[in-house]
Every structure is written in structure tokens, then in C-alpha cells.
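These notes are about the structure you will find just below.
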Amino acid sequence: MPEASSRPQGSDADSTRNPVWDRVLTRVRHAELAADRRASSRVLRHRRRDADAAALGGPSPEQRREVRALRRVFLDLGDCYRDYRRKTGAEVSPEVRAAAHKFRRELDLPSLVSVAASLDRIELMTW
């Protein structure tokens, strides 16, 4: 999984400052912190499982934490988009659908930024 703080190369990062990227990264970091607060009571219970997973070459606890935060933000974006469609009667945008499918396949920050950027184009990004 690519480092979350690194910026992508290509169309989503043509400028040196990408406000959607920054907003999504901030939201993912907040989701990670919220998950950390909820999980603090479960730390002892999961340490052995984390050690077993690491020994088997599975994802590290940090990678699992990041993926959970990415999914949380993705679900929040989905809720916002469904509310918008419910209120306006709009059909699902092919651009949004393609970005969502890409995120589900890749589960990384650049693909989540693509989803957010497609929602930002229709002015749904309120954060």
C-alpha cells in the first residue's frame, strides 16, 4: 500500500497543491484518530492476533488501521452522495460509479481522492 502522505503522480496531482487531496487526507487522519479512541480498550485483546498476522506476512496493524479509515471516509462520501440523489432525483453519475469501483479494487488514498474529486465537481464536498 502506498504511503498515505505521498502525492500521486498524474491527473489528480497536476498542481503542487491539490485542495481535494488535502481535505481527504485530513478526513482520513481524523477517522484514524477516532478509531484509535474507540479501539484503546481493545488493544490488549488484539495484540496476539496482530503478532500472528505479521508472522504470516499479512497486513500490518498500521495498514489495517489505514484501510479502515479509508473505508470510513468512503462510506461517509457514499452517504452524502445518496442523500444528494434522494433529494434531487439524479441518476448515478458514471464518473462517480467508476471512481467508487476503482476505490473498492485498490483501497488506497489516491483512489479515494478520485471519488472525492468527482463529488467535488458537483459541489457535494462540504468539508
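Answer yes or no as to whether Ala39 is at pLDDT below 90, farther than 13 Å from Val113 by Cα and either surrounded by 11 or more Cβ atoms within 10 Å (Cβ to Cβ) or of a type in the set (Phe, Trp, Tyr) (or both). Considered against the rule, which asks whether it is at pLDDT below 90, farther than 13 Å from Val113 by Cα and either surrounded by 11 or more Cβ atoms within 10 Å (Cβ to Cβ) or of a type in the set (Phe, Trp, Tyr) (or both), Ala39 comes out as yes.
Considering every residue within segment 22-31, establish whether at least one is at pLDDT below 90, within 14 Å of the chain's Cα centre (by Cα) and either of a type in the set (A, V, I, L, M, F, W, C) or not in a helix (DSSP H, G or I) (or both). No, segment 22-31 contains no residue that is at pLDDT below 90, within 14 Å of the chain's Cα centre (by Cα) and either of a type in the set (A, V, I, L, M, F, W, C) or not in a helix (DSSP H, G or I) (or both). Those residues that are closer than 15 Å to Leu75 by Cβ and free of Cβ contacts under 8 Å to residues at least 24 places away in the same chain, I need them from segment 105-127; list them, please. Scanning segment 105-127 gives a single hit, Ser111. Every test in (1) part of a helix (DSSP H, G or I); (2) loosely packed, with under 14 Cβ neighbours inside 10 Å; (3) in contact with a Ser or Thr (Cβ under 9 Å, 6 or more places away or on another chain) is passed by Trp127 save one, and that test is (1). Just one of the listed residues (Asp83, Asp120, Asp76) is among the acidic types (Asp, Glu), surrounded by 12 or more Cβ atoms within 10 Å (Cβ to Cβ) and farther than 15 Å from Ala31 by Cα, and it is Asp120. What is the residue count in segment 92-117 for residues that are outside any loop (DSSP other than H, G, I, E, B) and within 14 Å of the chain's Cα centre (by Cα)? Final tally of qualifying residues: 17. Pairing each residue of segment 76-102 that is more than 19 Å from Leu112 (Cα to Cα) with any residue that is in a helix (DSSP H, G or I), provided the two are 6+ apart or on different chains, yields C-beta distances under 8 Å for Ala90/Tyr84; Glu91/Arg85. Within segment 51-61, is even one residue among the aliphatic types (A, V, I, L, M), more than 18 Å from the chain's Cα centre (by Cα), modelled with pLDDT of 65 or more and loosely packed, with under 11 Cβ neighbours inside 10 Å? Taking every residue of segment 51-61 in turn, at least one turns out to be among the aliphatic types (A, V, I, L, M), more than 18 Å from the chain's Cα centre (by Cα), modelled with pLDDT of 65 or more and loosely packed, with under 11 Cβ neighbours inside 10 Å.
The values are calculated or read from the model by the stated rules, or taken from the named source; none is laboratory data. Because the structure is predicted, anything quoted here is derived from the model rather than measured. Because the Cβ atoms are built from the backbone with ideal geometry, glycine has one as well, and the counts that use them run over all protein chains shown.
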